[in-house]
Structures are given as structure tokens and as C-alpha cells.
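Everything on this sheet refers to the single structure shown next.
The values are calculated or read from the model by the stated rules, or taken from the named source; none is laboratory data. From a predicted model like this one, the values you see are computed outputs, not experimental measurements. Quick reminder, even Gly has a Cβ in these numbers, built from the backbone with ideal geometry, and neighbours come from all protein chains shown. Accessible surface is based on the protein model in full, side chains and every heavy atom, while ligands, DNA and RNA are left aside. Shrake-Rupley method; radii C 1.70, N 1.55, O 1.52, S 1.80 Å.
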Amino acid sequence: MLKVVKADKNGYAARLGFKEGYRIISLGGHAVKDVLDYLYYDAEDSFEMEYENKRGDRKRAVVNKAPGQSLGLEFDDVIPMRCKNKCKFCFVDQLPRGMRETLYVKDDDYRLSCICGNYVTLTNLTEEDVERIIRLKISPLYISVHAWDPDTRKFLVTNPGTLKLNSYIERFAENGIIMHTQIVMCEGINDGKILEETVKKLYEFFPAVRSLAVVPVGLTAHREGLYPLKPITPECACATIDFVEAFNRGRDFCWCSDELYIKAGRPLPDDEYYGEYFQIENGVGLVRKFLSVVEKSVAAVTRTDKRFKVVMLTGKSFAPFLSQAAALIKEKIPFADITVFPVENNFFGPQITVSGLITGGDILKQAPRGADLYTVPSNMLKEFEDVFLDGVTLKEVEKSLGRVEKVMPFGENLMDLLLK
């Protein structure tokens, strides 16, 4: 059942007397499991509904809504399905102590995959879950495949439930479920021929399997007692890029993450290569998109003689590209003192170089003082909250450094921040 926490007075359900505390029992003749059932039927115009009022009285109603009209109900948060894997590359297992508590929660929830874009392995699905995904058209799903070969995949995720994944993908494709997929590549395990087979087999289900990203395994300095994985070498990165680019030619299906290009020492592809940027949240084309957006925003402003000192804080891997953007900006604000400052990741270990894993504590210890403005990328902070991974808040950083502003994911607001 779903417990109502808010009922919009203008929603259809208000006509039926719905208030906080009411519970929905079934929709369309199917028992309600969670908010996805509600979202599916809320998009329908006509269906049966069974519900319970605050006194516990059960009632039935036939809903006949106008097209596009909502029931107008909100519910308790979804309790996530917990992960039952023991992945050899699990990032949560590599986290040090002292971070936000929610970061230690492992979920593997197909519902959050559809709603939030979380990558899941589907090892905890029941047959009821599979049938429900198909019936409700829960799509798109974001699936961590890692290897088409079941034995290799089982070795990586350490859960026999993964042996069913290939059949799930086939059934979902037959029933019109869109899937975006990823391979977390571990050198010597699922690279080379194993990776090539995975790419080719997944493409057989195109366009239902709409996209595939190849990302290198992320290894922190906190792997005591864990499987001895090695960082991706430049040679492995180059070989992977060569195969993926050749396979993708004319297909618009699979891409390597920006991090692989950086590891390989290769230039990033141009804007057109990434098509609709299906995998940008997975770090695929993010740098190219940022540079393209900044270039356009710089071109739209006139030259100014403003003078100020700015420090742009970032991770080591993104620093060279942010320096390219800074050089473009200097053409329009030539008297500005703009410094790109790559923060060393002491919290996770120096081998972690992405900006999204920089902590507030490392910024406080390393950032130069005396600037008029500091910028941080928004991915350093928790979504909807100004707090870093280690619990340090943006206000705490501002108390030490001075004015700090967030740069949107693709740099859309960077020029506006500088010209304020």
C-alpha cells in the first residue's frame, strides 16, 4: 500500500475526499507496491482504484480523469532495495570513514534506476519484478553489464543472481524496455576480447539497448582486504578506445568515458561524436560539452576591462581542460587574474583525480587565499544541498576562503559569475 502524505486540493483524488493518511491498496486491479504503480496509472485516464481512509474503511472508485489530469497525491519515500552483491570494484567498500552516512548505503533498485538514472545489476530481481517492469513499461533502465560472459560477470559481482541478466536483457528488449548500459572495465578481467564480445552482443539488442559506456574502474587508497585490482594502464586505455571508436563508427551506440581518454593521453572527440550525449551523466562527453558551452557563452559577451582575482578549484584530471576554458575567458576579460587550481585528493588517495570526489577538507587545506572569488563545480556537492562528501559545508569553506560560487555541470553560468 501507498500512504498519502499530501493531497493537492486541485487534484482528481480530492474529489474522492483524499487526505493525508489515506492509503492506496490497488490500481487497475493490481496490488500497489510502490510509487511506480501510482505514476503509471496517474498517466492513464480511466482505471479502478481501491483505497482506505484514515478509519481503515476500504472503498472502491472508478477514476475517469481528463487527459493529463493528475490524482495529485504525494507519498512516503521509496525504501530502496539493498544490494546483494560483493563486487570486486565496489566503490562503497573503498570509502574511508568520516563521510556522510548515506554514502555507505548500497542500493541496487530498478525503481531508482528508472527514476534517477542509477546503474543497477538486477541480481535481486524476482520473476514478479521482471513481469512488473514489462507490464508497467518501467523504462529506461540503467544496467551495469560489465561482461556478457556470465562466468566473468559472476566473478566480478560475486552473486549467482547475475547469471540471469542476459535473459532479462533479451526479455526487456522484446517488450520495448529501453536500456542504457555500462561496463566498468577492470584490466585483465573484462577488457580485451571479453569487452569486445560484450559490446557486440549488446548491440544485437539495439535500439532497445540504446547506449553503452565503457568506464575505467575507480580505485581509492582504501582497499585493505579487497581483491587486488590494478589501475587501467595507458596501453589498455588506448586499445579500448581504438576498438570502441572503430565499432561505433556509423552506429552512435557506445563510447569510452572521458577518463579513459585522459588515461590514454588521447585528445577528446569532437562534439558531434557524442550524438545525443546519452551517457553524459556517466562521464562520457562531459568535458567536450563543458568546453563547447563555455566557448559559446564567451562568444556572446563583449570585452570588459574588469579587474579581479579568481581561483577555479577542480580535480587534477579536469584542470587542463578548465585551463583551456580560462584562456578563452581571458580573451574577453584580459585584466582578470584567473588561476585554475587542481586540488590533490588526499581523502581518497592521489590516484583519484576527478573533481566530483574532491572533499571540502582537502580544499580548506590546499586552496590559495586572497582571491575575490572561488568557483567549485556543482558535482563536488550533494545534489540540492551545499555539502561536500566529507560533510564539510560550502558555508564553512566560505568562512575560510571568502566568496565561493557553484559552476553548473556544463559551465552554463560561468561567465555570469565572473561578470557579476
Scaled to the compact-protein estimate 2.2 N^0.38 Å, what is the alpha-carbon radius of gyration of segment 47-129, rounded to two decimal places? 1.61
Specify whether the C-alpha gyration tensor of segment 291-334 places it in the rounded, prolate or oblate class, a ≥ b ≥ c being the square roots of the eigenvalues: rounded for a/c under 1.5, otherwise prolate if a/b is larger than b/c and oblate if not. oblate
When the charge dipole of segment 87-169 is computed with +1 at the Cβ of Lys and Arg and -1 at the Cβ of Asp and Glu, the Cα pointing farthest to the positive end, of 110, 159, 98, is that of 98
Report the dimensions of segment 179-319 along its three principal axes from the alpha-carbon atoms, largest first, rounded to Å. 56, 41, 25
Using 0.36 nm times the number of residues separating residue 346 and residue 164, minus their current alpha carbon distance, what extension gain do you get? 61.5 nm
Hey, what did segment 29-122 get for relative contact order, percent, Cα under 8 Å, at least 6 apart? 20 percent
Using helices alone, I'd like the mean residue ellipticity at 222 nm for the chain: each DSSP H run of four-plus residues gives -39500 (n - 2.57), total over residue count, nearest 500. -8500 deg cm²/dmol
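Per the Kirkwood treatment, what hydrodynamic radius in Å, one decimal, follows for segment 1-76 from the mean inverse distance over all distinct Cα pairs?
After inverting the mean inverse Cα-Cα distance, the result is 12.0 Å.
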Could you tally the net charge around residue 263, taking each other residue with its Cβ under 13 Å from the Cβ of residue 263, Lys/Arg +1 and Asp/Glu -1? -2
Placing one equal point scatterer on each C-alpha of segment 1-144 and summing with Debye, one gets log10 I(q)/I(0) at q = 0.14, 0.18, 0.20 Å⁻¹ equal to -0.76, -1.05, -1.19
Would you work out the charge dipole size for the chain about its Cα centre, treating the Cβ of every Lys and Arg as +1 and the Cβ of every Asp and Glu as -1, and quote it to the nearest 20 debye? 820 debye
List the cysteines of the chain that have no other Cys Cβ closer than 4.7 Å: which are they? 83, 114, 116, 186, 236, 238, 254, 256
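What are the membrane-span-like helices in the chain by this rule: whole DSSP H runs, Cα extent along the axis at least 27 Å, mean Kyte-Doolittle hydropathy at least -0.5?
none
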For residue 11, what is the net charge nearby, where nearby means another residue's Cβ is under 14 Å from its Cβ and Lys, Arg count +1, Asp, Glu -1? +1
Cα-based Rg and Dmax for segment 287-367, where Dmax is the largest Cα-Cα distance (Å): 14.1, 42
Under unit Cβ charges (Lys, Arg +1; Asp, Glu -1), what dipole magnitude, rounded to 20 debye, does segment 227-305 have relative to its Cα centre? 140 debye
So what's segment 274-420 giving for Cα Rg divided by 2.2 N^0.38 Å, two decimals? 1.01
Contact order relative to length of the chain, as percent, for alpha carbon pairs under 8 angstrom and 6 or more apart: 10 percent
What number do you get for segment 85-124 when its Cα radius of gyration is normalised by 2.2 N^0.38 Å, N = residues? 1.27
Ranked output for segments 355-361, 4-10 by mean other Cβ atoms within 10 Å, highest leading, reads 355-361, 4-10
Given that just one value was derived from the coordinates, which of (i) 22.9; (ii) 24.1; (iii) 21.6 is Kirkwood radius over Cα pairs in Å? (ii)
Quick note, segment 69-196: a/c under 1.5 would make it rounded; otherwise a/b > b/c is prolate and the rest oblate (a ≥ b ≥ c, C-alpha gyration tensor); here it is oblate
Compute the distance from the alpha-carbon center of segment 230-275 to that of segment 337-356, in whole Å. 23 Å
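Only sites in a loop by DSSP and with at most 10 other Cβ atoms within 10 Å count here; which trypsin sites (Lys or Arg not before Pro) in segment 97-159 make the cut?
97
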From zero outward in steps of 5 Å, how is the percent of C-alpha pairs of segment 238-323 spread across the bins? 2, 12, 21, 22, 16, 10, 8, 5, 3, 1
Compare 210, 171 by solvent-accessible area with a 1.4 Å probe and give them largest first, with all protein chains kept in place. 171, 210
Could you state how much accessible area residue 280 has, in square angstrom rounded to the nearest 10, with a 1.4 Å probe and all protein chains kept in place? 20 Å²
